[in-house]
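A.B. asks: Attaching a single structure in structure tokens format; questions to follow.
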Amino acid sequence: GYGATAQGILEAIGDKVPWELAARRVFNGEGSQGNGGAMRAAPVGAYFFDDEAKVIDEARKSAQVTHAHPDGQAGAIAVALAAAFVSRNPQTRDGDAMLKWVAQRVPDGPTRRGLERAMGLPLHGPLSRAIALGTGQQVISADTVPFALFCAARCIDDFPLAMWTTVAGLGDRDTTCAIVGGIDVMFAGLDSIPASWLEKREPVPAWVSNV
């Protein structure tokens, strides 16, 4: 289920409160900088992958309905950009290049600074150094997105390994794994998902399968 803040925003919108007001009135009027906007942003980047400005604009719009805080939106932009990078560079295995490309384009703030710290870590060094970036314990963008993008970069061509690496960080595992999976599947392809995992997923509606 949703956390209390997200649930409250969605219920307010359902009660006809304008989304701009509902999103801004939480956290003393600052809006949420949570990681939920980032969690759902990979498809945005994949869809608009060939238009960098569009990726950034649409990712921001996708987040701002529930995340009025600029850094909550920055997390969505970062994840969308990572998915776009992988989609537009289907042959690259250069995770460092992905991290650098994304960090240079994310708005300034705590999430960008976390990404810059992630760039300074050796991709295949001890995972504990990346875990120190934060694995979602605070449920905010800045302590979730840098670690998730590090894991996506580290395992860019191996979807199962990406999932096991990400979940090893513990923390907000459904969110970090959703982010990493949404990025890395763009490189590795649907065939990279183990059949046994697909068999255990929730049923996919027919209209989604036909898109």
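A.B. asks: Can you work out the accessible area per residue across the chain, with the rest of the protein chains kept in place, probe 1.4 Å, in square angstrom?
C.D. replies: That works out to 50 Å² for each residue.
A.B. asks: Work out how much length Asp50 to Ser128 would gain on full extension: take 0.36 nm times their residue separation and subtract the Cα-Cα distance, in nm to one decimal.
C.D. replies: Here the segment from Asp50 to Ser128 would lengthen by 24.6 nm.
A.B. asks: Name the aspartates and glutamates eligible as straight-distance cross-link partners of Lys200: C-alpha to C-alpha under 19 Å, and not fewer than 8 places from it in the same chain.
C.D. replies: Asp174, Asp191
A.B. asks: Quick one: plug the Kirkwood hydrodynamic radius of the stretch 124-180 (C-alpha pairs) into Stokes-Einstein at 20 °C, 1.002 mPa s, and report D in µm²/s.
C.D. replies: Rounded to a whole number, D works out at 201 µm²/s.
A.B. asks: Expressed in nm to one decimal, what extension gain is obtained for the pair Glu116 and Val17 from 0.36 nm per residue of sequence separation less their Cα-Cα distance?
C.D. replies: Extending this stretch completely gives an extra 31.9 nm.
A.B. asks: Lysines within cross-link reach of Lys61: Cα-Cα under 25 Å, excluding same-chain residues under 8 positions apart?
C.D. replies: Leaving aside lysines fewer than 8 places away in the same chain, those within reach of Lys61 are Lys16, Lys100.
A.B. asks: What residues qualify as long-range amide H neighbours of Gly31, i.e. H under 5 Å apart, gap of 5 or more or another chain, H built at 1.01 Å from N?
C.D. replies: Val26
A.B. asks: Rounded to the nearest 20 Debye, what is the dipole magnitude of the chain about its Cα centre when Lys and Arg each give +1 and Asp and Glu each give -1 at the C-beta?
C.D. replies: 260 debye
A.B. asks: Still on this structure, I have one more. Give the separation of the Cα centroids, the stretch 43-118 to the stretch 132-193, in Å.
C.D. replies: Computed from Cα coordinates, the inter-centre distance equals 14 Å.
A.B. asks: Another one. Calculate what fraction, in whole %, of the accessible area of the chain sits on carbon and sulfur atoms when a 1.4 Å probe is rolled over the protein chains.
C.D. replies: 54 percent
A.B. asks: Based on DSSP H runs of at least 4 residues, each adding -39500 (n - 2.57), what is the mean residue ellipticity at 222 nm of the chain after dividing by all its residues, to the nearest 500 deg cm²/dmol?
C.D. replies: Per the formula, -17000 deg cm²/dmol.
A.B. asks: Per 0.36 nm of contour for each residue apart, how much would the distance between Val65 and Val204 grow if the chain were fully extended, relative to their Cα-Cα spacing?
C.D. replies: 47.5 nm is the gain from fully extending Val65 to Val204.
A.B. asks: Using all Cα-Cα distances in the stretch 35-89, what percent lands in each 5 angstrom bin from 0 up to the longest?
C.D. replies: 5, 29, 35, 19, 9, 2, 0
A.B. asks: Moving to a separate point now. Tabulate in residue order the Karplus-calculated ³J(HN,Hα) for the stretch 28-41, using 6.51 cos²θ - 1.76 cosθ + 1.60 with θ = phi - 60°, rounded to whole Hz; enter x for Gly and Pro.
C.D. replies: Working through the residues one at a time gives 6, x, 7, x, 7, 10, x, 8, x, x, 5, 4, 9, 8 Hz.
A.B. asks: Amide H neighbours of Ile140 under 5 Å, counting only residues 5+ apart in sequence or on other chains, H built in-plane at 1.01 Å?
C.D. replies: When sequence neighbours closer than 5 places are left aside, the close amide H contacts are Asn35.
A.B. asks: Separate question: Among Leu127, Ala188, Ala103, whose Cα lies farthest out toward the positive end of the dipole of the stretch 84-211, if unit charges sit on the beta carbon of Lys, Arg (+1) and Asp, Glu (-1)?
C.D. replies: Ala103
A.B. asks: Could you work out the relative contact order of the chain, using alpha carbon pairs under 8 angstrom and six or more residues apart, expressed as a whole percent?
C.D. replies: 19 percent
The values are calculated or read from the model by the stated rules, or taken from the named source; none is laboratory data. All of these numbers come straight from a predicted model, not from anything done at the bench. Don't worry about glycine lacking a Cβ; one is built from the backbone with ideal geometry, like all the others, and counts go over all protein chains shown. Only protein heavy atoms, including side chains, enter the accessible area calculation; ligands, DNA and RNA are left aside. Shrake-Rupley method; radii C 1.70, N 1.55, O 1.52, S 1.80 Å.
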